[in-house]
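Inspection log for the structure reproduced underneath, given as structure tokens.
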Amino acid sequence: MDVLFNSIDVRDLLPSHDLDESSPLSAPDLRLLTDRLQVRSLHIQSKVRQYILSHHHDFSTLFAQCSDAVSRSEHLSGQVSELLGLISDRPIDVEIKGVIEEIGRKRREAREIKELLELVRAISELSERLRFVREEVRAGRVVEAASALRRLKEVLRIQDNVAAAEEGEPVIQEVLVRFMESAVRFEQQSNLVRVKYRASVKEIDGLELHTVLEAMEVVGILDYGLAKVADLFIKHVITPAVNHVPHISFVEELNQDSKSTTEVVLKMVLSSDLKGDDVGGETIFSSIVQIVKFIYHTLCFKSGPWMQCFGRLTWPRMSELIISNFLSKVVPDDASKLADFQKIIQLTSQFETDLKEMMFISATDNKDERLSNFTDNVEVHFASRKKVEILAKARNVLLRSDFSLPQDYTNKGTKLKNEEAIESSSSREVDLLFSSERCVVSGAASQLMELVHETLKDICLSSTRVALEFYHAARDALLLYEAVIPVKLERQLDGINQVAVLIHNDCLYLSREILGFAFEYRADFPSSIKELAVFIDLAPRFQLMAEEILQRQIKLVVYNLNEAIDGADGFQNTHQMKQYESAKFAIDQVIFILEKVHIIWEPLLLPLTYKRNMCTVVEAVFCRMAKDILLLDDLAAEETLQLQRLIHLMLESTSSLLKSLNATNQTGKLKERVAYSIDDSIPSLRKLRKLAGMILF
């Protein structure tokens, strides 16, 4: 059969194999090709026939199997048709569903019957247990009865809460609560609390208090059983102790029989000594500790769980009473009282420690430290409020200060007259630390420094946290001057006036005062903030600010002087009347500016500072005048005479100023070791004098 699968190339059947594939076949070639294809077809048919004959058996088996499969398929189809006919005639699925539902109902009925039998059995057992509890209670064995009742509650899955107890208390709960009411009596008329260690109720005779508390703990109603007692303690014992201290005290009395103590009495006694209030808190805390000790020993028998339960019932209201009636009334409103409040903080902390030792409050839960949290917050809130008040006061001082000086405060006035003038203004004359000099400062600087000194004194009397807040308040108050004044007085700083000089003095004064803080207060600061409370870094800032303001004034003065001398037009052609008059007017303007600066600066600046900077200004104008004259050439004879007159005019007009500068250098305590002449401070003065003598030659 391979010949069937091999491809036949028709060109192989042609005699010539060199024909081009694209060339058409001729008629003879086509006839030859047809004949040969017929021969090949016959050959293939012969091969196929031979193959089939040789595999006749295999083909017969295959056809038989196919026939058998077809027969079985027809048989199966007939059976399915019959089954479908049966189902359509009788719906068996409905019958099956009914049987299954019946089986389910029977099983549920059987399970319900079984559960009912178990319930009947459980009810019978519970009835027996309840009967046992009643018998135990009647016999006075309340602890055993409570244990049995607790197991019964566990079986019944009853939760221990007050609501459940109130809705339907078991007999034992009613008995225990009534016994507590009988054992702890509050006699208001006699102002006493009576605790009986053994008491009776209707059902039981002579049951011990300790046994009742054990039974309540076993049953799980300790909170409920002590709730009324705790409420009465708050109402009749704690509240009077807090409100009437120090006019009330507590006394314990023991009543005994021949064998043991049967009763303990806590009596409140009003004191006849009405000296005053308990400001420090010692009496109120000691009284409450005495009451809690009475509860700890007498009522709770030193039991931690019982005491914790009683504390949970009373401490929230007790702490609120102490806060509202005592602590809130002694909150300091001034830093000088913080030292006294520190004692109250310590007493409060010790009071809570005593309560923790008696397990009245938790030793691990910070939420129970209600009083300490209040006192701590009071301290922090006080410090924050005071810081805000300090900064607000500093800001108001700076904004309201007018930096004014009286008009009669001049260099020509006597010392007494100037002091009287200062007193009538907001400015003050102050001593400079680390120096024997005095200077005039603005009211803003003096009041600000007074405020800072008060704050630093408060730091010395305060706790660490309050002191730290005050320290930041003092620093911020000083920095407010740096932030507010240059902005508020910006226009004045752009002119030549007393305000700029006052600000310079303010900064110098603040710088010196800041340097003195460490010597004056550091030793009295709380030890924990001595390393943190640093002011020394602020001193250079104010020193630099003072120098910058003064240099700004000098630049303004020099600029105005140069503008004035520009009117002389370089002192050219002064032999002409118009040019001479212009030059003379320019010199008059220079003299006016120098006199104005002299009047403003001399009364306010420190003597050496005044001399140094005034010499700088005079040197600038003399240097400019000498330079302009030296630049002149081809001078006429008349022109030289006029220049000489102008130079002498300048020197004569400034002579009084130069004498005052020379006197400043050599008067009083400011006398220098080497008395420099005014020529050394103003080098151009000598040059101008020589120029006046040489110009004629």
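If I filter the range 212-264 down to residues being closer than 26 Å to Ser324 by Cα, open to solvent by less than 30 Å² (accessible area, probe 1.4 Å) and assigned to a strand (DSSP E or B), which single residue comes out as modelled with the highest pLDDT?
By that ranking, first place goes to Phe250.
Name the residues in the range 535-579 that are open to solvent by 50 Å² or more (accessible area, probe 1.4 Å), more than 30 Å from Leu643 (Cα to Cα) and of a type in the set (A, V, I, L, M, F, W, C), would you?
Within the range 535-579, Ile536, Leu544 qualify.
Could you count how many residues in the range 635-660 are part of a helix (DSSP H, G or I), touching a His at 6+ places or on another chain (Cβ under 7 Å) and surrounded by fewer than 16 Cβ atoms within 10 Å (Cβ to Cβ)?
1
For the range 329-349, which residues satisfy the criterion of being under 27 Å from Asp231 (Cβ atoms) and at pLDDT below 85?
Answer for the range 329-349, where residues must be under 27 Å from Asp231 (Cβ atoms) and at pLDDT below 85: just Lys329.
Give all pairs with beta carbons closer than 9 Å in which a residue from the range 325-352 that is within 15 Å of Ser286 (Cα to Cα) and acidic (Asp, Glu) meets a residue that is at pLDDT 85 or above and open to solvent by 50 Å² or more (accessible area, probe 1.4 Å); count only pairs at least 6 apart in sequence or on separate chains.
Sorted first by the residue in the range 325-352, then by its partner, the pairs are Glu352/Arg370.
Out of curiosity, is Lys611 at pLDDT 80 or above, open to solvent by less than 40 Å² (accessible area, probe 1.4 Å) and of a type in the set (Lys, Arg)?
yes
Would you pick out the residues in the range 473-488 that are of a type in the set (Val, Ile, Thr) and surrounded by fewer than 22 Cβ atoms within 10 Å (Cβ to Cβ)?
Result: Val484, Val487.
Where residues in the range 265-293 are open to solvent by 60 Å² or more (accessible area, probe 1.4 Å) and of a type in the set (A, V, I, L, M, F, W, C), which of them is modelled with the lowest pLDDT?
Leu274
I need the full set of residues from the range 452-472 which are open to solvent by 40 Å² or more (accessible area, probe 1.4 Å) and in a helix (DSSP H, G or I), in order please.
Those that are open to solvent by 40 Å² or more (accessible area, probe 1.4 Å) and in a helix (DSSP H, G or I): Glu454, Lys457, Thr464, Arg465, Leu468, Glu469, His472.
Of (1) open to solvent by 40 Å² or more (accessible area, probe 1.4 Å); (2) assigned to a helix (DSSP H, G or I), Leu508 satisfies all except one. Which?
Among (1) open to solvent by 40 Å² or more (accessible area, probe 1.4 Å); (2) assigned to a helix (DSSP H, G or I), the lone unmet condition for Leu508 is (1).
Please enumerate the residues belonging to the range 600-635 that are within 60 Å of the chain's Cα centre (by Cα) and over 18 Å from Asn505 (Cβ atoms).
Cys615, Thr616, Val617, Val618, Glu619, Ala620, Val621 - these are the residues of the range 600-635 that are within 60 Å of the chain's Cα centre (by Cα) and over 18 Å from Asn505 (Cβ atoms).
If I go through the range 36-58 residue by residue, how many of them are open to solvent by less than 80 Å² (accessible area, probe 1.4 Å), part of a helix (DSSP H, G or I) and not aliphatic (A, V, I, L, M)?
2
Those residues that are touching a residue at least 60 places away in the same chain (Cβ under 8 Å) and polar (S, T, N, Q), I need them from the range 567-581; list them, please.
Those that are touching a residue at least 60 places away in the same chain (Cβ under 8 Å) and polar (S, T, N, Q): Gln572, Asn573, Thr574.
Can Leu594 be described as touching a residue at least 24 places away in the same chain (Cβ under 8 Å) and touching a strand residue (DSSP E or B) at 6+ places or on another chain (Cβ under 8 Å)?
Against the criterion (touching a residue at least 24 places away in the same chain (Cβ under 8 Å) and touching a strand residue (DSSP E or B) at 6+ places or on another chain (Cβ under 8 Å)), Leu594 does not qualify.
Of a type in the set (D, E, K, R), touching a residue at least 60 places away in the same chain (Cβ under 8 Å), in a helix (DSSP H, G or I) and buried (at least 20 other Cβ atoms within 10 Å of the Cβ): does that describe Glu619?
Considered against the rule, which asks whether it is of a type in the set (D, E, K, R), touching a residue at least 60 places away in the same chain (Cβ under 8 Å), in a helix (DSSP H, G or I) and buried (at least 20 other Cβ atoms within 10 Å of the Cβ), Glu619 comes out as no.
What's the number of the only condition in (1) outside any helix (DSSP H, G or I); (2) surrounded by 14 or more Cβ atoms within 10 Å (Cβ to Cβ) that Glu531 fails to meet?
(2)
Failed condition for Val590, given (1) in a helix (DSSP H, G or I); (2) surrounded by fewer than 20 Cβ atoms within 10 Å (Cβ to Cβ), with all others met?
Every condition holds for Val590 apart from (2).
Restrict the check to the range 413-426 and report whether at least one residue is modelled with pLDDT of 90 or more and among the β-branched types (Val, Ile, Thr).
Within the range 413-426, none of the residues are modelled with pLDDT of 90 or more and among the β-branched types (Val, Ile, Thr).
Suppose we filter Leu550, Leu556, Leu510, Leu544 for residues that are without any contact (Cβ under 8 Å) to a residue 24 or more places away in the chain and either under 29 Å from Leu605 (Cα atoms) or more than 48 Å from the chain's Cα centre (by Cα) (or both); which single one remains?
Testing whether each residue is without any contact (Cβ under 8 Å) to a residue 24 or more places away in the chain and either under 29 Å from Leu605 (Cα atoms) or more than 48 Å from the chain's Cα centre (by Cα) (or both) leaves just Leu544.
The values are calculated or read from the model by the stated rules, or taken from the named source; none is laboratory data. Note that the structure is a prediction, hence the values are computed from the model and not measured. Positions of Cβ are generated from backbone atoms using ideal geometry, with glycine treated the same way; all protein chains shown enter the neighbour counts. Areas reflect the complete protein model, heavy atoms only, side chains present, ligands, DNA and RNA absent. Shrake-Rupley method; radii C 1.70, N 1.55, O 1.52, S 1.80 Å.
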